[in-house]
Amino acid sequence: MAGKTKASHVWHKAIKHIGNGYIDLICQCVDPTTDIYAGHGMGVSTTVGNLTIFVTADPDYMTNITVAEDIANEDRYFLGRKKGAMILHNQKLSGGYQIGAAVYKTAAGTWSHVDHAAGQSLLMEVGVVVGPSDRITTGVIKDIDAALTATEPVDICI
Amino acid sequence: MAKTTPSLVWHKPIKVIGDGYIDLICKTPDIGATTYWVGQGLELGDDGAFVKFTTDQPDYNPNIIVAEDIVQSDLYFLGRKHGAKILHNQKLAAGTYGIGDAVYKMGAGTWTHADKDTAASLLMEVGIICGPAQRVTAGVMKTMDDTFLATEPVDICA
């Protein structure tokens, strides 16, 4: 494959489909180095904001995110399916995050990257940064691959 | 009581597509002299069948519960799969399958029986074979109680 994927390689909008009890959306993942097939469960990885392949005996709270379309070697973004999800608007991030980043709501009332090394983020159903995909920041049009900063209101799929 | 077949449970594999869920026929081993009540969580058993969920279950949650009570001698029941969709024109691995079988997408890109003794199938939210209920194979009309082969396209609720 030519190179690792970006969010815009996966889909031109962060949300592909709002289905019957689920939302298909772009999620960030660690390079799987192999194929991961539709239906596979995803858990929180040690790379902040990324999801990874679920492992047996994982005691953490279920993310309720599965693979919606197969993930191939070198993919860094994939289409995930989040069950029973909704979109929260006008949320705040604690740093500069991108579409597809997995986040959890911290005590400070903002959303931070989930991290397998951060105990608190393993106790919750994680959210995913889903927008806005297109926006104007200081007069410049940003697209889906541009980072969202802590000063921008964002959409979170939880 | 005689053991059930898929057609005894419902005349179509999918009973209802509800608000965020699909009720459909699933397979179970005979549960003996007991009853599984509506709402009971299920997990993987052997050869594509579901059994009662157990405490401290470390595997990925299949998100399937009992939609109508299961009684002794039932081999098929109505399960409720949350946040599901129907995939068409899917391929099964070598073998024979029936309506209601739990399957997962394996390395070969086809679907095969999920089984508690197959580690890979414990990492995923499984699919259920749900069609086509009626089909013509080699000029003969088959019904929902007949098996599927690897050469037939099938519908999977995943």
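Tabulated data for the structure shown
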| quantity | calculated |
| --- | --- |
| 2 or more residues within 11 Å of the chain's Cα centre (by Cα) and away from chain A (no Cβ under 14 Å): qualifying strands (runs of 3 or more DSSP E) within region B:1-63 | B:21-27 |
| Of all residues in region B:126-144 being in a loop (DSSP other than H, G, I, E, B) and without any contact (Cβ under 8 Å) to a residue 12 or more places away in the chain, the one that is nearest to B:Asp155 (Cα to Cα) | B:Gln134 |
| Any hit, region A:32-54, residues being modelled with pLDDT under 95, more than 24 Å from B:Ile22 (Cβ to Cβ) and touching a Pro at 6+ places or on another chain (Cβ under 8 Å) | yes |
| From the options A:Gly95, A:Gly80, residue that is in a strand (DSSP E or B) and either within 19 Å of A:Ser45 (Cβ to Cβ) or more than 13 Å from chain B (Cβ to nearest Cβ) (or both) | A:Gly80 |
| Top-ranked residue in region A:19-54 [being among the small types (Gly, Ala, Ser), part of a loop (DSSP other than H, G, I, E, B) and facing chain B (nearest Cβ under 7 Å); ranked as nearest to A:Ala85 (Cα to Cα)] | A:Gly21 |
| Verdict on A:Leu123 being closer than 28 Å to B:Val103 by Cβ and either modelled with pLDDT under 95 or touching a strand residue (DSSP E or B) at 6+ places or on another chain (Cβ under 6 Å) (or both) | no |
| Any hit, region A:87-105, residues being out of contact with any Lys or Arg (no Cβ under 7 Å at 6 or more places or on another chain) and without any contact (Cβ under 8 Å) to a residue 40 or more places away in the chain | yes |
| Test set (1) surrounded by 15 or more Cβ atoms within 10 Å (Cβ to Cβ); (2) within 11 Å of chain B (Cβ to nearest Cβ) - A:Ala57 fails condition number | (1) |
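The values are calculated or read from the model by the stated rules, or taken from the named source; none is laboratory data. Please read these numbers as outputs of a predicted model, since none were measured by experiment. All Cβ positions, glycine included, derive from the backbone under ideal geometry; neighbour counts span all protein chains shown.
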